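The values are calculated or read from the model by the stated rules, or taken from the named source; none is laboratory data. This is a predicted model, so every value here is computed, not measured. When we count neighbours, we look across all protein chains shown, and the Cβ atoms used for this are built from the backbone with ideal geometry, even at glycine. The protein model used for the area step is the full one, side chains on, heavy atoms only, and it has no ligands, DNA or RNA in it. Shrake-Rupley method; radii C 1.70, N 1.55, O 1.52, S 1.80 Å.
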Amino acid sequence: MKKQNSLNLIILMLSTLLMPIRAYGYSEAEQSVLTDVQPAVAIEKSTSSKESGSVNPETGVLQEGLSSIFNLQTNGSDEDYDFIVTSKIMTEGGEVSGYGNNGSILFGHTFSMPTSAAIEDAKSGGNNNKNVIAYPVTAAITNPMTVEFQNNYGIHGDCYVVKVNGGTEGTLTHTVGQNPISGTYNIGQDEAGEYKAVVTFSAVSK
């Protein structure tokens, strides 16, 4: 009788040892990180930009096309920034906007700088604008972004205005046409030498 009880005890012990081990316990930790990400912009000039060229002295036609290409990245919106393209040239009286009334771009002689009157004449399509040459501009940008020329755009003056329209990345191409605007190139009026305009793409926080 004792032998039988002993056998049952051993079977019970073995059965217990062979059962799957189950652990009962549960712990969960939830962490939340709240961050305030500020609007940001990155603008970079592309190496594909063509920034210099030569002019046919008889006609004023650019021998090679000029273009400024900018890559834009932003997590901001049109409510956060004014995205603007401006142009500047030097005159006898200082730096002024280099955009004409129709969005054309003006180039001024870098040594024999034009007068303010010559600049205004070229902007309005006149022909009394010594040492100023104007060329048409085409501006394009990746969808859904848009770009449009604006006269007297608030404190920025005459400029091209980019609207990101919810987009986050885009490429802006600012191309200068090859043929001078009528009345702004005169072989007997415009001196030989270097003519220059500076184009800038910037984002100004509102």
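Looking only at residues in the range 57-67 that are touching a strand residue (DSSP E or B) at 6+ places or on another chain (Cβ under 8 Å) and outside any strand (DSSP E or B), the one that is most open to solvent (accessible area, probe 1.4 Å) is Gln63. Residues of the range 101-120 that are hydroxyl-bearing (Ser, Thr, Tyr) and open to solvent by 10 Å² or more (accessible area, probe 1.4 Å): Thr110, Ser112, Thr115, Ser116. Of the residues making up the range 176-206, those that are touching a Leu at 6+ places or on another chain (Cβ under 8 Å), in a strand (DSSP E or B) and over 18 Å from Phe83 (Cα atoms) number 1. Among the residues of the range 121-135, the ones that are in contact with a helix residue (DSSP H, G or I) (Cβ under 9 Å, 6 or more places away or on another chain) and either open to solvent by 40 Å² or more (accessible area, probe 1.4 Å) or without any contact (Cβ under 8 Å) to a residue 40 or more places away in the chain (or both) come to 3 in all. Of all residues in the range 146-155, none satisfies being in contact (Cβ under 8 Å) with a residue 60 or more places away in the chain and among the polar types (S, T, N, Q). Residues of the range 145-155 include none that is more than 19 Å from Val199 (Cα to Cα), out of contact with any Gly (no Cβ under 6 Å at 6 or more places or on another chain), modelled with pLDDT of 95 or more and open to solvent by 40 Å² or more (accessible area, probe 1.4 Å). If we keep just the residues of the range 73-100 that are within 20 Å of Asn127 (Cα to Cα) and hydrophobic (A, V, I, L, M, F, W, C), which is least open to solvent (accessible area, probe 1.4 Å)? Looking at residues that are within 20 Å of Asn127 (Cα to Cα) and hydrophobic (A, V, I, L, M, F, W, C), I get Ile89.
Phe70 fulfils the conditions (1) surrounded by fewer than 16 Cβ atoms within 10 Å (Cβ to Cβ); (2) aromatic (Phe, Trp, Tyr); (3) at pLDDT 90 or above except for a single criterion, (1). Quick check on the range 78-95. Is at least one of its residues part of a strand (DSSP E or B), free of Cβ contacts under 8 Å to residues at least 24 places away in the same chain and in contact with a helix residue (DSSP H, G or I) (Cβ under 7 Å, 6 or more places away or on another chain)? Checked the range 78-95: no residue is part of a strand (DSSP E or B), free of Cβ contacts under 8 Å to residues at least 24 places away in the same chain and in contact with a helix residue (DSSP H, G or I) (Cβ under 7 Å, 6 or more places away or on another chain). Residue-level check: of (1) within 20 Å of Leu62 (Cα to Cα); (2) modelled with pLDDT of 95 or more; (3) of a type outside the set (Gly, Ala, Ser); (4) surrounded by 18 or more Cβ atoms within 10 Å (Cβ to Cβ), Thr138 misses just (4).
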